[in-house]
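Undergrad: Supplied in structure tokens, the structure appears directly below.
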Amino acid sequence: MLDAFSRAVVTADASTSCIGGDSLNKLKGFISEGNKRLDAVNAISSNASCIVSDAVAGMICENTGLIQAGGNCYPNRRMAACLRDGEIVLRYITYALLSGDSSVLDDRCLNGLKETYIALGVPAGSTVRAVQIMKAASLAHINSTNSQAQAGNRYKKNEMIQGDCSAITSEAASYFDRVISALS
């Protein structure tokens, strides 16, 4: 796993040059946005079980056959595995967001995931839909656009650094898109 700093060192070393210019400016930007990055990770991780359970519930509402006898979320142990997998994917997305690099997501989560799901008979369309719902919920938490009206008694407001969060939101969205692409 490489973070933004390790990636800059490896890149500079491969070209036998010092870190400077554009690479140094990118690292300065990474540091200056650090608190937003931490707040975004906190917003996702402190609401992870809610995000995942809502995503799985949404996926099942759209395809009720998943909880019928013979469906991929029937019996309870399969539903538990689905929730577990959702939390694992979300955890690796937060790792990537924290480090500013997708290598941990690619290496530890996505490498072979599609093939494993195919072998287990997990429907790709439903899995992709659950990740899409997780993406929407996570981005709402990062942008503080979640509300008590939407979440009811499960609402949890996270304090975020004020300012433009579009860059960190875009980065988080790209990690979800990476998962969706790997599963499609």
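The values are calculated or read from the model by the stated rules, or taken from the named source; none is laboratory data. This one's a predicted model, so the numbers in the text were calculated from it and none came from an experiment. Note: ideal-geometry Cβ built from the backbone for every residue, glycine included; neighbour counts use all protein chains shown.
Undergrad: Go through segment 62-76 and give me each residue that's surrounded by 19 or more Cβ atoms within 10 Å (Cβ to Cβ) and either under 17 Å from the mean Cα position of the chain (by Cα) or free of Cβ contacts under 8 Å to residues at least 40 places away in the same chain (or both).
TA: C73
Undergrad: Follow-up question, since we're still on this one. Kindly indicate whether V56 is surrounded by fewer than 16 Cβ atoms within 10 Å (Cβ to Cβ) and not charged (D, E, K, R).
TA: It is false that V56 is surrounded by fewer than 16 Cβ atoms within 10 Å (Cβ to Cβ) and not charged (D, E, K, R).
Undergrad: Still on this structure, I have one more. Checking the conditions here, which among M59, M79 is in the same structural domain as S45 (by TED's automatic domain parsing) and without any contact (Cβ under 8 Å) to a residue 24 or more places away in the chain?
TA: Just a single option satisfies the conditions, and that option is M79.
Undergrad: Right, another one. Quick one: which helices (runs of 4 or more DSSP H) lie wholly within segment 1-72 and hold at least 2 residues that are touching an Asp or Glu at 6+ places or on another chain (Cβ under 9 Å)?
TA: It comes to 4-14, 34-45, 48-62.
Results for (1) buried (at least 17 other Cβ atoms within 10 Å of the Cβ); (2) under 12 Å from F176 (Cα atoms); (3) under 16 Å from the mean Cα position of the chain (by Cα), shown as yes or no for each residue.
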{"position": "A81", "(1), (2), (3)": "no, no, no"}
{"position": "R84", "(1), (2), (3)": "no, no, yes"}
{"position": "V104", "(1), (2), (3)": "yes, no, yes"}
{"position": "D107", "(1), (2), (3)": "no, no, yes"}
{"position": "I118", "(1), (2), (3)": "no, no, no"}
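Undergrad: Condition first: in contact with a Gly (Cβ under 8 Å, 6 or more places away or on another chain), surrounded by 12 or more Cβ atoms within 10 Å (Cβ to Cβ), at pLDDT 90 or above and not hydrophobic (A, V, I, L, M, F, W, C). Can you find one or more residues in segment 129-145 that meet it?
TA: yes
Undergrad: Go through (1) touching a Ser or Thr at 6+ places or on another chain (Cβ under 9 Å); (2) under 18 Å from R91 (Cβ atoms) and name the single condition V56 misses.
TA: Of the numbered conditions (1) touching a Ser or Thr at 6+ places or on another chain (Cβ under 9 Å); (2) under 18 Å from R91 (Cβ atoms), the odd one out for V56 is (1).
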